Amino acid sequence: MADVLNDTTVISKQNAGFPDYLDFTRLRSEGIGYLAQLSGKIWTDHNVHDPGITILETLCYALLDLGYRTNLPAVDLFTPAPGSGAKDSNFFTPAQILGCNPLTILDYRKMLVDIDGVRNAWLEVVDDLNVQQFCGNYNDERNARVSLNGLYNVYIELEENVVEENVLAEVKKSLLAHRNFCEDFLKIYILCRQPLGVTADIELGNGADPEKTYLDLMQRLQHFFSPAPQFYTLPQLLDKGVSMDEAFAGRPYNVTSSHGFVDTTEFEQIILRKEIHTSDVYNVLLSTTGISRLQSLRIKFCDRDADERWKIFLPENHIPLLNPACCAFRFTRNGIPVAFDFSKYNDLLLVNFRYTGKITYQKEQLDAAIPTGVYRKDLADYYSIQNDFPRVYGIAKGGLSASAPAMRKAQALQLKGYLLFFDQLLANYLTQLQHIRTLFSMSAPEEQHTYFINGLDSVPELDKLQRFSDGSLGNTGDTLCYPIDRSVIDTADLQTIDIGQLTPATFETTADNAIAIAQLEDDLRNNNATIHVITQKDGCCFYYITSSATDFVLISKRYYPNATSANNAATALLYMGTFDSNYNAFLYAANTRYSFEISFNLSNYSAYLQQIAEDENQYAARRQGFLDHLLSRFAEQFTDYALLSYGQEQDQVQAKENFLGNYSELSADRGTGYDYSQVIDISGFEQRFLALAGITDHARHTLCNFEVVQYAEQYLFTLPVGKNDYFRSTLKYDTRAEAQEAAKSLLTQLGDQQNYSTEYLAHEQAYVIRANNAIFSVKQPSAETANTVINGLQRLYTTDIASDDVYIYTYRYNAILKDSAGNKVRMFIAPSPEEHQAHTVAVQEISKINDNTVWEDTEAASVPIGILAFDEKQATTFIDTEAFKIGDNDIIDKPDKMSYTLVEKKGNRFKFTPLAEFDNKEQVTVHAFRLLVLMLDTANYSIAQETDGDKYLLSVKDGETPMAVCAMETNSAAAAQALQDKIWRIVNEFRYDMSINQAPDTWKFNYTIGYHPSQKYTFISEQAYDTQPAALEAARKFTAALSQYKLNGGALTANKISSRLAEVRAGAAADRSAAVSARTVGSAEVASDAPNEMAGDAPAEVSGEVRVDSSINSLLNIRKHIDSLRSATDTKAYDEYVQVDEISQCGQYVYRLVDKDHPVAVYNGIIDARKQVIPDYLEIYPGGDIVVQDGKLFYYQIKSVNRNAPDKELV
């Protein structure tokens, strides 16, 4: 409130100015008053130091947050998440809920003028109908009393330069789609234009501009003779003062192809003129600014003279068209003629007359958006009240110190558990608020709940307060226990039994299995179950649980480390077993019997709380309440009888959701009849009736069980694969063009293996191959054969190169040298064709390691490498000798002998002296290099204690022969071992390893043609390509031109190709003992997987080579035919493969028996006219061949008396 004297804003202690739901003091006072009523004299201290009052104040503080969020603007609470893009399930837009099927003649006119190509439209009631053409030859007396209502004639004025046939088809389609009950459209007339002209002497007013006056009067005359409706956007129409419901009255829902709205008042003024009065034209001209007087006014036909001067009649089904070239005006001013060239404006006026101003608007201009507010994504965010308590309570984040007594920790957890109940209530309230859109959703929501649970992520130490949160039961989905026969427990030695090898108890039917589960759940809910924990000899424990079931017990799936853990797991299971969601039922025992298991499916606290808060029945009841409220918004309800028709309460919920979700259509089309141009269409009235009456079958219905209907001719296609095989469509098409398009589409789809599938026919014991909506003619004996055929067919219909078509033919090998860190430092430049050869050559050239013409640098920067020493027997590990100093010296008293010392140069970190004596420096070098190589391997080191002392010596040996000893002595074996490890690491810093790198060198390609397992041929290129892209390109060219080749005696020769891409020779299959004669003729070869006996087009008595030629050429011809079809741009190329379906071949009409609209039998005779069959009941007589066989299939037939021809029976 404001302090007037001090001009400041303060908060009053008496009146804070907050509403009740945000007044802390009021909430606190009411809470304490309620506590006093409950506790009486038991609790009298209500001061702030009391812990109970502290809890109350904290809860009041939390309630303020709830009050604030609850009272946010409703538009905010119902605002969906930005970018969701889903259809709004809470509200309809004005176009959806206010729009409806046209009802009045004016509504139909509005709909028709919105069609492209229609300039104007009128409807007239038919009152001169000749009833005899519909009702037969009635006498005049009866005919005079017959009157049919609800028929209209439609008159259409077309725009300029449109295709009349297309516009007329669209008009018919729109009229039939929006036809009302008991109404129809008799005829549609396309109005012709009657050119008219106006002549007059016009006196111009002083100051009048002749040009402006002429253009204005012509525009007024055009609007009088041929007015066009003015279209508006929704905002423009609302700005004119038209209300929202008036704007959408009688307007069908259309926000994708509409030209906008018309003003009803303006549109009503546009009438279909059949006569024109000169007086009306007088008024039009005199209303033109600049005209003061008229005389000699006359209206004339441009193509003939009019008989009347003051009133002219238009020919039937004609509308006037003002022609500027046919008009003749004379301007005068003050009686003096005004020179003016009228003709120069004729073209401009014609252009203006043709323009109607129709443009297609976007949805934003045709509909108003559902209002939105601020999206509150944090509406359900909850911060635990436990964090608001004073720190001394020890329940906030951080809690008590680790040194706090156990009793104090237990007290804190006890208080936290008490407050958890309030936390959950407060958090759930916020989640309920967040899901307000779900609660009031008209369609089925994703979450099947009306109570929503919030996760308490902000509660400190939540895992200590919730069940199943310690992970002791395993992971989500883990099996916890399963049933076994009770006899196993009664007879087995439980101390040694292996529970992992036990077989589940099974039940004969799913019903028996479900009964066992239900009985077990009931026992667990009523504590009618007993836990037994068994400790086996090895200390492992398991549990089993007995219940009222006499044939099975539950046994744990796994072992537990002790009895306590097993008992805890069993106790948890007693609770988890009361929830349906934790049971998994499955087939067992070769899919002939059934069993179940209890799994850890509900693995978190929220899932169990959700199950407790609301089950399926509670959800259905509460959801019905919300749906009834939504229905009442539209003054709709489901009768009790209709609800009974839907059966279960869940079905009633689904019915109401379907009704509300489609309410915009059901409401808008409630008066529409069915579109009889569509075979399966039903009326909007029927749809609404069916939705309300509980009838789920929304197909068209007939009351007669026998009917004669005109059968729409349908088409199939058969796409050939060679001479005898083919793909045949499983769908029927209404037009030949659709069948042609489907055949073309199938040809494209056959190149993708994902479009194929197999199906087993049990009655034929064979597999059929399906390719989308077609089936392959040849059935296969096994699934493996069917898949092989699918692979071959897919290759036949594609020009793509398979992943294994291009393969590596040869490899090249290069030696790689890596340092101790694994870095590649050198690569031998010259490649070798074999791995061992690459290694041998590289070792031979190791002395040229720094020569960049022999070895090239790789990953690491170029670093000089010294002389490399290596073991010649292995030659895979090298050491850089330049990292070490080899100091030779003479031996005292032996002037002809030499020795040396081996020291690491970098830091003099070790020193070795040899045990041998040498004659020259070459021997010294050889020995030192050998020593360095041996020092790379820890197996070559030896530690020994001095024989005459307590020191330990480290030496290096070659096999069993000591070579050198370290100059450093150690006091213990451990110290010597540490010294060894250190020296080994130092030496290995200068180690290099050689490996052989394998890389592709050349590539080849192959191509397999043929789909039958015994007729598959593989073309293999003879030329090897240096790169994979080159081989891939060659394979593409070969595949693309394959259809233009022909095999002649092993030679694949190009037909009509100037440059041959490949020629082949027939070679033996890699895994066949039988070979086919072959000869090399070019750059590719063909290998055959087929035996000599080919089922191709070759004659029976020909050589094997000719048979192979013939089979391959047959496949090449198939490929050629496929390519020609693929390249055809017109679907008419597929016309020869389209046929009329079998039923269409029986005649134009079909006489059939139906059972609730499902045809069960048809008369197989040819019926060319409806009058040939009189629908009547059948006089069925038994006897004769009732069951007939057609191939492997069987049919039944019914014979009846033919009343039209008694000597012929109906079958």
Give, rounded to the nearest 20 debye, the magnitude of the charge dipole that region 867-989 has about its Cα centre when Lys and Arg contribute +1 at Cβ and Asp and Glu contribute -1 at Cβ. 420
Over 22 Å between alpha carbons, listed pairs Lys744/Lys1120; Lys409/Lys464; Lys311/Lys358; Lys1004/Lys1120: Lys311/Lys358; Lys1004/Lys1120
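If neighbour count is taken as other Cβ atoms inside 10 Å, put Trp1003, Trp984 in order from fewest to most.
Trp984, Trp1003
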Residue separation between Ile531 and Arg728 times 0.36 nm, minus their alpha-carbon distance, gives in nm 64.5 nm
Residues Leu520, Leu98 in order from fewest to most other beta-carbon atoms within 10 Å are Leu98, Leu520
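Can you pull a Stokes-Einstein diffusion coefficient for region 15-71 at 37 °C (0.692 mPa s), Rh from Kirkwood over Cα pairs, as a whole number of µm²/s?
Translational diffusion coefficient: 272 µm²/s.
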How far apart, in nanometres, would the label points at Arg391 and Gln236 be if each is projected 7 angstrom from Cα along the Cα-to-Cβ direction? 7.0
Using r as the Cβ-Cβ distance of Glu969 and Val863, and R0 as 41 Å, what FRET efficiency do you calculate, to the nearest 0.05? 0.70
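Between Arg670 and Glu461, what length comes free when the chain is fully extended (0.36 nm per residue of separation minus the Cα-Cα distance, one decimal in nm)?
69.3 nm is the gain from fully extending Arg670 to Glu461.
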Counting sequence-distant residues (5 or more places) and residues on other chains, those with an amide H built under 5 Å from that of Phe884 are Lys905
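Within 10 Å, count the other beta carbons around each residue, average over each peptide in 182-188, 163-169, 648-654, and list them highest first.
648-654, 182-188, 163-169
I need the calculated FRET efficiency for the pair Ser606 and Ala169, taking r as the beta carbon distance and R₀ as 60 Å, to the nearest 0.05. Don't skip to the end; give the middle numbers.
Numbers: r = 58 Å, r/R0 = 0.97.
The computed FRET efficiency comes out at 0.55.
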Compute the separation of the alpha-carbon centres of region 577-638 and region 889-937 and state it in Å as a whole number. 86
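Going by average Cβ density within 10 Å per residue, which order do the peptides 196-205, 242-251 take, highest to lowest? Intermediate results must be reported in sequence, preceding the final value.
Numbers: 196-205: 19.0, 242-251: 17.2.
Packing order, densest peptide first, comes out as 196-205, 242-251.
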With r as the distance between the Cβ atoms of Ser1014 and Arg622 and R0 = 56 Å, compute the FRET efficiency 1/(1 + (r/R0)^6) and round to 0.05. 0.25
So how far, in whole Å, is the C-alpha centre of region 24-58 from the one of region 834-848? 94
Straight-distance crosslink candidates among aspartates and glutamates, where the alpha carbon sits under 14 Å from Lys87 and sequence neighbours closer than 8 are dropped: Glu446
With viscosity set to 1.002 mPa s and temperature to 20 °C, compute the Stokes-Einstein D of region 487-545, Rh being the Kirkwood radius across alpha carbon pairs; µm²/s, no decimals. 157
Cα to Cα, under 19 Å, and not fewer than 8 places away if on the same chain: which lysines meet these conditions relative to Lys982? Lys885, Lys905, Lys906, Lys911, Lys951, Lys957
Given backbone amide H placed at 1.01 Å from N, residues whose amide H is under 5 Å from that of Thr79, ignoring those fewer than 5 places away on the same chain, are Gly373
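The numbers here are math on the coordinates, done by the rules we state, and not lab data. Model, not experiment: these values are computed from the prediction. No Cβ is skipped: glycine too gets one built from the backbone with ideal geometry, and neighbour counts run over all protein chains shown.
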